[in-house]
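What follows is a short report on a single structure.
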Amino acid sequence: MSSNTAFIVGFMGSGKSSVLDLIKKNTEINTIDLDQAVLEDNTTGMESVEELFNRYGEEYFRIHEVKAFEKIFKNSNTVISLGGGSMTSISIKNTVINSDKSFYLENEFKNLWLNIKESNRPLVATGEDNVKKIYQDRLDIYKQCKNTIDMSKLSLEEASETIVHQLGWG
């Protein structure tokens, strides 16, 4: 793996895509959203992760997520935003936690739920209690990232600036 690949990790609603968009907008750093890469690689013609997830299921999505990740994670000077469940894949998790450039966007569940409860995300439809259990199950994995950014204390802009500063690429 290139030592110049960085990863943004976190639960649904943590701000991964928004932070990535700000990095893309405000710097010359190459950025890739893994969910978008899955959609671009997939031949089903699905236009959203939600649509792909609902039609073919989580297992199908995770298989294609790993394939897309394996294609893109070696890009140098690239920040990759992972989906909330990406770290449940052993190969993705091992790559990310062994990187000094992994950033976990941490937040309390109550804040994350406020961010996602009105969304069309497939897991949200299973209810708050189920989503909270998934969050709790994934916390230990997320916390293995080398860097943690407390999103309850920073704006999306501040989080993007923190990542760029820590990478030293901006």
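Among the trypsin sites (Lys or Arg not before Pro) in the stretch 130-170, those located in a DSSP loop and surrounded by at most 12 other Cβ atoms within 10 Å of their own Cβ are Lys143, Lys153. Only protein heavy atoms count here; on that basis, with a 1.4 Å probe, Ser119 has an accessible area of about 40 Å². Shown are Ile23, Ile97, whose ranking by accessible area with a 1.4 Å probe and every protein chain present, most to least, is Ile97, Ile23. Other residues within the sphere of radius under 10 Å centred on the Cβ of Gly84, judged by their own Cβ, net out at +2 (K and R +1, D and E -1).
Could you work out the relative contact order of the chain, using alpha carbon pairs under 8 angstrom and six or more residues apart, expressed as a whole percent? The normalised contact order for the chain reaches 36 percent.
Note on Leu39: accessible area is roughly 20 Å² with a 1.4 Å probe, heavy atoms of protein only.
Mind checking the dipole of the chain: about its Cα centre, +1 per Lys or Arg Cβ, -1 per Asp or Glu Cβ, Debye to the nearest 20?
360 debye
Could you tell me which of the pairs Lys25/Lys101; Lys24/Lys71; Lys74/Lys143; Lys74/Lys146; Lys71/Lys153; Lys117/Lys153 are separated by over 26 angstrom between their Cα atoms in the structure shown? Table pairs above 26 Å Cα-Cα are Lys71/Lys153.
Counting only protein chain heavy atoms and rolling a 1.4 Å probe, the accessible areas of Trp113, Trp169 rank, largest first, as Trp169, Trp113.
Note on Tyr142: accessible area is roughly 0 Å² with a 1.4 Å probe, heavy atoms of protein only.
What does the C-alpha gyration tensor say about the overall shape of the stretch 31-170? Classify as rounded when a/c is under 1.5, otherwise prolate if a/b is larger than b/c, or oblate. Oblate, since a/c reaches 1.5 and b/c is not below a/b.
Ranking Arg55, Arg121 from most to least accessible surface, computed with a 1.4 Å probe over the protein chains only, gives Arg55, Arg121. Phe53: net charge of surrounding residues, Cβ under 13 Å, Lys/Arg +1, Asp/Glu -1, itself excluded? The answer is -4. Were the residues from Asn111 through Lys71 laid out at 0.36 nm apart, the gain over their Cα-Cα distance would be 11.1 nm. Only DSSP H runs of four or more residues enter the estimate; each adds -39500 (n - 2.57), and after division by the residues of the chain the mean residue ellipticity at 222 nm equals -15000 deg cm²/dmol. The GluC sites (Glu not before Pro) of the stretch 45-109 that meet both conditions, a loop assignment by DSSP and at most 16 other Cβ atoms within 10 Å of the site Cβ, are Glu47, Glu108.
The values are calculated or read from the model by the stated rules, or taken from the named source; none is laboratory data. Given the structure is predicted, the values throughout are model-derived calculations rather than measurements. Neighbour counts are summed over all protein chains in view; Cβ atoms, including those assigned to glycine, are modelled from backbone coordinates with ideal geometry. For the accessible areas, the whole protein counts, side chains as well, though only heavy atoms, and no ligand, DNA or RNA atoms are used. Shrake-Rupley method; radii C 1.70, N 1.55, O 1.52, S 1.80 Å.
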